[in-house]
1. Add +1 for every Lys or Arg and -1 for every Asp or Glu among the other residues with Cβ under 12 Å from the Cβ of Ile216, and state the total.
2. Too long at a 21 Å Cα-Cα cut-off: which of Lys87/Lys142; Lys87/Lys135; Lys19/Lys96?
3. Ranked highest first by average number of other Cβ atoms within 10 Å, how do 123-134, 190-201 line up?
4. Sorted by packing (mean other beta-carbon atoms within 10 Å per residue), highest first, where do 83-91, 101-109 land?
5. Subtract the Cα-Cα distance of Glu182 and Glu147 from 0.36 nm times their separation in residues, and report this length gain in nm to one decimal.
6. If I take R0 = 51 Å and measure r between the Cβ atoms of Ala192 and Arg55 in this structure, what FRET efficiency does the formula 1/(1 + (r/R0)^6) give, to the nearest 0.05?
7. Could you tell me the calculated FRET efficiency between Thr24 and Thr123, based on Cβ-Cβ distance and R0 = 25 angstrom, to the nearest 0.05?
Amino acid sequence: MNAYHWIGIAVFIFLLGIKIVRPTHRGLVERLGKYNRFAGPGFHWVFPIIEQIYRINVTEQMVDAEPQEIITNDNLNARVDAQVYFKVKSDAENVKNSQYNVNNYQWQIVNLARTTLRNIIGTLTLKSANSERGKINLELHKTLRDETSSWGIEIVRTELKEISPPEDVQETMNKVVKAENEKIAAIDFATATETTADGVKRAEIKKAEGIKQARILQAEGEAEAIRLVNEAAEKYFVGNAQILRKLQAVETALQENTKVVVPANAELINVVGEMAGIIPVKKS
């Protein structure tokens, strides 16, 4: 083989050993089956056949714990499902732990989550399990975080996806919820009706008080008028009863259309005054 053949082989081996690690991954380089070095993002060259690079995703990932039937503390079969969000820590030590301290950490997380859910929900009634989802999530997260501390991963969060009771229990719960809603609606309607009635009642009371006050004012006005008339009568007609009687007679005569003869060159007011006994008005 000439020099060109050796150069071609060298170039082929060089190209074959080029490896690129993306920013979302980290690499572990093994030489002859033994850990050799850590590979961060970027260009790397490994010796073909002798060295092998394993890329590990360090972004956040999600695994589903898969639905399972769990018997609650009140002996009901609940269908439970949850999701676990995690990521491999990006430093060299934790990336190594995720590969060398645990076999298939995703599968392990799923099984650990399922077991933990059975332990937690088995101590709760179905009603409390549905109402305490936050508490279940916290306990699940804490247990997974503690159990996976040596796996080189971080449990970001856990979410209880589903807690479904048996169909017959679900129907009964739906009826109870419906009845409660109808009860609340009936109470609200009764309260609104009562409020309306109270408003009408207050309006009627105000109206009656207004009428009463108007009548009182009217009566006070009439009483004041009578008082003024009485004062005028006492002032102007005391001792003049005869004159008052004549005035009444004149008033009666005039009301009955009695004919009165007015002399020539006489004033009508003087004639009426003479009839009533009042001194006539003198002409100037």
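What follows is calculated from the coordinates using simple rules that are stated; it is not laboratory data. Owing to the predicted nature of the structure, the values given are computational and were not obtained by experimental measurement. Neighbour counts run over all protein chains shown; Cβ positions are idealised from the backbone, glycine included.
1. -1
2. Values: Lys87/Lys142 16 Å; Lys87/Lys135 23 Å; Lys19/Lys96 19 Å.
Pairs exceeding 21 Å: Lys87/Lys135.
3. Taking the mean over residues of other Cβ atoms within 10 Å, the ranking is 123-134, 190-201.
4. Working: 83-91: 18.0, 101-109: 14.4.
The densest-packed peptide leads the list: 83-91, 101-109.
5. Numbers: separation 35, 0.36 × 35 = 12.60 nm, distance 4.73 nm.
This chain segment gains 7.9 nm when fully extended.
6. Values: r = 67 Å, r/R0 = 1.31.
Given R0 = 51 Å and the Cβ-Cβ separation, E is 0.15.
7. Efficiency for this residue pair is about 0.05.
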